[in-house]
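What follows draws every value from the coordinates through simple rules; no lab data is involved. As the structure is a prediction and not an experimental result, all values here were calculated from the model. When we count neighbours, we look across all protein chains shown, and the Cβ atoms used for this are built from the backbone with ideal geometry, even at glycine.
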Amino acid sequence: MTTIKEILQDCDNRMNKAIDACRNELMRIRTGRASTALLDTVKVEAYGNVSPLNQVASLTVPDAHMIAITPWDKGMLGPIEKAIQAANLGLNPANDGKMIRVPMPPLTEERRKEISKLVKKFGEEAKVAIRNVRRDSMEHLKKAEKELHFSEDERKRGEDEVQKRTDHHVKDIDSLVATKEKEVMAV
């Protein structure tokens, strides 16, 4: 038996997941600033296994234009360097025998515009996901009205609440996208 409250809770949870997914995608997008999130997708061949970079080394950001990678085992310097180059991130790691420094090259104006388009694309995908959740929630409310015999007024209140939540989550996405675009376009 599904109540309006349960439908709204499910709606909220799914919309929050869409926002989290968008936030994670945006974190991986390179701006002019250094961020360890850029290297989240890098996998390193370590001791016969393929492991995420953050499981074989510690990553720090000493300044806005540099990522420092200190492997826990000095023998991993070469494989880490190769993994970063193979990841095709446009980054050039420099190995000094103790640690690897990854300087962040400045972005060209053309590249900034491309990245800005990508940010908008991720934002739009998240909005589509939120709208799909809204549609599903509205359908659940209509089914529940018939099956559980609650009033049309209760269903309409539920639909109004779903719409309010949709508007709120879309605003959150817009704010995330605007913040990331501002970061990307900053020189």
On the principal axes of its Cα set, how long, how wide and how thick is the chain? Give whole Å, largest value first.
72, 41, 23
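Please arrange 155, 33 by how many other C-beta atoms lie within 10 Å of their C-beta, fewest to most. Walk me through the numbers before you get to the answer.
On the way: 155 18, 33 14.
The order, fewest Cβ neighbours first, is 33, 155.
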Among 17/121; 43/117; 5/180; 17/156, the pairs whose Cα-Cα distance exceeds 22 Å are 43/117; 5/180; 17/156
Candidates 24, 49, 92: whichever shows maximal mean-square fluctuation once the chain is modelled as a Gaussian network with Cα springs under 10 Å
49
Per-residue ellipticity at 222 nm for the chain, helices alone: DSSP H runs ≥ 4 residues times -39500 (n - 2.57), over residue total, nearest 500 deg cm²/dmol?
-21000 deg cm²/dmol
Quick one: compute the contact order of the chain, relative version, from alpha carbon pairs under 8 angstrom and 6+ residues apart, as a percent.
27
Stretchable slack from residue 156 to residue 70, in nm (0.36 nm times residue separation minus alpha-carbon distance):
25.2 nm
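Between residue 143 and residue 114, take the C-beta separation as r, use R0 = 45 Å, and let me know the FRET efficiency to the nearest 0.05.
My answer for the efficiency is 0.55.
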Let me check I've understood the local charge: for residue 96, count other residues with C-beta under 12 angstrom from its C-beta, Lys and Arg +1, Asp and Glu -1. What total comes out?
+2
Sorted by Cβ neighbour density within 10 Å, fewest at the top, the residues 56, 162:
56, 162
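Provide 108, 36 in ascending order of the number of other Cβ atoms located within 10 Å of each residue's Cβ, fewest first. Write down the numbers at each step before the final one.
On the way: 108 9, 36 17.
Going from sparsest to densest Cβ surroundings: 108, 36.
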Distance histogram for the range 36-103 (every C-alpha pair counted, 10 angstrom bins, percent rounded to whole numbers):
22, 64, 14, 0
